[in-house]
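The values are calculated or read from the model by the stated rules, or taken from the named source; none is laboratory data. The structure displayed is predicted, hence computed values, not measured ones. Note that each Cβ is placed from the backbone with ideal geometry, even for glycine, and that neighbours are counted across all protein chains shown. The area values use the complete protein model at the heavy-atom level, side chains included, leaving out ligands, DNA and RNA. Shrake-Rupley method; radii C 1.70, N 1.55, O 1.52, S 1.80 Å.
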Amino acid sequence: MKRKINFSPGPAILPESVLQQLAAATLEYEGTGIALPELQHRGPEFAAILEESKALVRELCRIGDDYEVLFLHGGGRLQFCMVPMNFLPDGKTAAFIDTGQWAHEAMEYAAYYGNASIIASSKESGYAALPAWPQQLPADTAYLHITTNNTIYGTQWDDVPATTAPLIADMSSDILSCPRDYSRYAMFYAAAQKNLGMAGVALAVIHKDMLRTDVRRIPPMLSYMAQVAQNSVLNTANIVGIYTTLLMLRWTKEKGMAAIAQENRDKAQLLYDHLDNSNIFIPRVKDTAHRSLMNVCFTAITPVHETAFLQWTAERNITGIKGHRYAGAFRASLYNAVPLSDVQYLVNTMKEYEQQHQ
Ligand SMILES: *Cc1c(COP(=O)(O)O)cnc(C)c1O
């Protein structure tokens with residue numbers, strides 16, 4: 001197969017070595033005579049997959065046993081539901097920093113269970129920048145929720161200041177991509193289909209202090225405490241998805257967090273540098289401190305160029321580069337598995353286009 005040069009926002013590309021291991025395991029899991037999708041969720045093989053995955057999350061995030069690590073169904077949006085169900089008591093406030101569509105959607109879900117309040121927003125700038133970090137939280141704040149990387153608009157928080165309320169973050173599109181102090185967070189979660197494997201799985205990492213009491217009656221499937229009690233196998237687990245996450249975690253460890261972070265900086269810089277000096281393409285986020293290393297959004301000087309360049313890239317084996325309808329023409333997603341050479345190829349493609357259209 002000739003692989004496309006793939007900048008999709010998610011599901012993202014997976015490393016070829018991961019796909020090969022997944023393909024082999026799909027036919028037979030490690031000499032057991034059983035295919036991966038046929039493994040028993042309460043059997044010893046899957047128990048080992050879970051234990052290694054949990055240990056790798058702790059190691060790579062540099063957090064200890066004071067955090068619970070869960071692998072849940074339902075992707076990112078089910079976490080939008082579970083977070084307020086579990087952590088927002090009636091009448092209390094969940095404070096949100098509104099940095100775009102995902103942050104906003106998480107807030108809308110919280111409003112089913114309590115007060116969901118935007119305490120900082122960059123809506124006025126069309127989410128092309130991050131808002132100032134809020135000085136104060138409402139007195140009855142149960143938690144502060146942020147979205148560390150704004151997949152659609154191309155902005156990203158670096159390490160954030162200390163907060164008085166528990167800090168909860170949606171890290172779906174930048175987990176394990178950059179140095180981050182994960183121990184700052186009372187909870188963080190991520191849909192797996194960007195840096196952690198395939199859709200359907202969500203990683204949820206929760207400090208034990210958050211898990212003392214259920215704030216309301218919750219069916220067990222949606223209760224973090226019940227999921228912790230059953231070690232993520234309250235029902236038949238997503239065995240193939242979680243195994244894919246394990247393969248991604250092993251790949252991440254083998255590469256090393258420092259090397260991954262450096263490569264992500266190099267990839268983003270290569271593309272932003274080109275955009276900053278282009279006379280056809282325009283980067284969407286101007287402030288370099290707010291720019292996402294994972295999702296680089298850009299437009300062209302005219303709609304004609306936008307249509308033409310999309311066609312140009314398609315003819316050159318590039319896919320997944322069309323921007324989200326809310327945020328303009330192009331978005332190149334440079335998740336961990338995207339090699340630097342693919343970004344170089346994209347930049348060369350832009351240069352050729354620019355030369356032909358001077
Ligand atoms: C991709 C993504 C999600 C999750 O999506 P699901 O389709 O619900 O799994 C959530 N938040 C952010 C920031 C994302 O990029």
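A few comments on the model shown:
- Residue pairs, from the table Lys92/Lys322; Lys92/Lys208; Lys267/Lys322, whose Cα atoms sit over 30 Å apart: Lys92/Lys322
- The mean sequence separation of alpha-carbon pairs under 8 Å and at least six residues apart, normalised by the residue count of the chain, gives a relative contact order of 22 percent.
- Farthest toward positive dipole pole in the chain [+1 Lys/Arg, -1 Asp/Glu at C-beta], among Tyr29, Leu50, Gly10: Gly10
- Where Thr236, Thr155 fall by accessible area, highest first, once all protein chains stay in place (1.4 Å): Thr236, Thr155
- Relative protection proxy for 180-192, 273-285, from highest mean packing down: 180-192, 273-285 (other beta-carbon atoms within 10 angstrom).
- Judged by the mean number of other Cβ atoms found within 10 Å, the most tightly packed of the peptides 101-108, 40-47, 305-312 leads the ranking 101-108, 305-312, 40-47.
- Gyration tensor verdict on the chain (Cα atoms; rounded if a/c is under 1.5, prolate if a/b is larger than b/c, oblate otherwise): oblate
- Within the full protein context, the accessible area of Asp158 is estimated at about 110 Å² for a probe radius of 1.4 Å.
- What the phi angles of segment 48-58 give under the Karplus curve with 6.51, -1.76 and 1.60, with θ = phi - 60°, is a coupling list of 5, 4, 5, 4, 5, 4, 4, 5, 5, 4, 4 Hz, glycine and proline written as x.
- Annotation: amide H of Tyr143 within the under-5 Å range of Ala95, sequence separation 5 or more or interchain, hydrogens built in the peptide plane.
- Residue-averaged 222 nm ellipticity for the chain, from DSSP H runs of 4+ at -39500 (n - 2.57), nearest 500: -11000 deg cm²/dmol
- Between Ala314 and Ile218, residue separation times 0.36 nm minus the direct Cα-Cα distance comes to 29.8 nm.
- Virtual spin-label span in nm between Ala111 and Lys286, 7 Å along Cα→Cβ: 3.1 nm
- Taking every DSSP bridge with both residues inside the chain, close to 55 percent are antiparallel.
- Extended-chain gain in nm, criterion 0.36 nm per residue less alpha-carbon gap, Ala259 and Thr302: 11.7 nm
- Within the straight-line cut-off of under 12 Å between alpha carbons, the aspartates and glutamates reachable from Lys194 are Asp174, sequence neighbours fewer than 8 places apart in one chain being disregarded.
- Mean projected area of the Cα convex hull of segment 79-176, taken over all directions, amounts to 5.8 nm².
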